[in-house]
Amino acid sequence: MNPVKTVDEAITFVENYNGPAENFELAVADSLLDPVGINMAIITDKVLSKGFRPAGFEQKEGFRIFKFKELE
């Protein structure tokens with residue numbers, strides 16, 4: 001799994017995904033996880049517009065894998 005390293009990469013990844021929320025996983029490089037959370041706020045906004053909501057994450061060496069569910 002190759003983590004995204006920019007907000008633009010993440011947005012493109014989200015936009016190009018076609019499938020159920022439960023199968024969608026977004027790997028984000030630790031370098032993109034800023035202390036204030038601005039980058040993830042922008043990415044999460046795009047994910048929400050797709051009808052998905054966050055459902056946790058798994059920390060790996062150098063990145064996190066974010067998981068999602070359908071909005072209820």
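The values are calculated or read from the model by the stated rules, or taken from the named source; none is laboratory data. Note that the coordinates shown come from a computational prediction; the quantities given were computed from them, not determined experimentally. When we count neighbours, we look across all protein chains shown, and the Cβ atoms used for this are built from the backbone with ideal geometry, even at glycine. Just the protein is used for accessible areas: all its heavy atoms, side chains included, with ligands, DNA and RNA removed. Shrake-Rupley method; radii C 1.70, N 1.55, O 1.52, S 1.80 Å.
What is the Cα convex hull volume of the chain when expressed per residue in Å³? Walk me through the numbers before you get to the answer.
Values: hull volume 6.1 nm³, N = 72.
It comes to 85 Å³ per residue, whole-number rounded.
For the chain, the mean residue ellipticity at 222 nm estimated from helices alone is -9000 deg cm²/dmol, where every DSSP H run of n ≥ 4 contributes -39500 (n - 2.57) and the total is divided by all residues, rounded to the nearest 500.
Can you tell me, using C-alpha contacts under 8 Å and at least 6 residues apart, the relative contact order of the chain as a whole percent?
On the way: 101 pairs, mean separation 26.4, N = 72.
That works out to 37 percent.
Mean projected area of the convex hull spanned by the Cα atoms of the range 8-47, taken over all viewing directions: 2.9 nm².
Round to a whole number: what % of the accessible area of the chain belongs to carbon and sulfur, probe 1.4 Å? Carbon and sulfur: 52 percent of the exposed surface of the chain. In this simple spin-label model, placing a label point 7 Å from the Cα along the Cα-to-Cβ direction at both N16 and E72 gives a separation of 3.3 nm. In plain terms, the chain from A29 to K5 could stretch by 8.1 nm, reckoned as 0.36 nm per residue minus the Cα-Cα distance.
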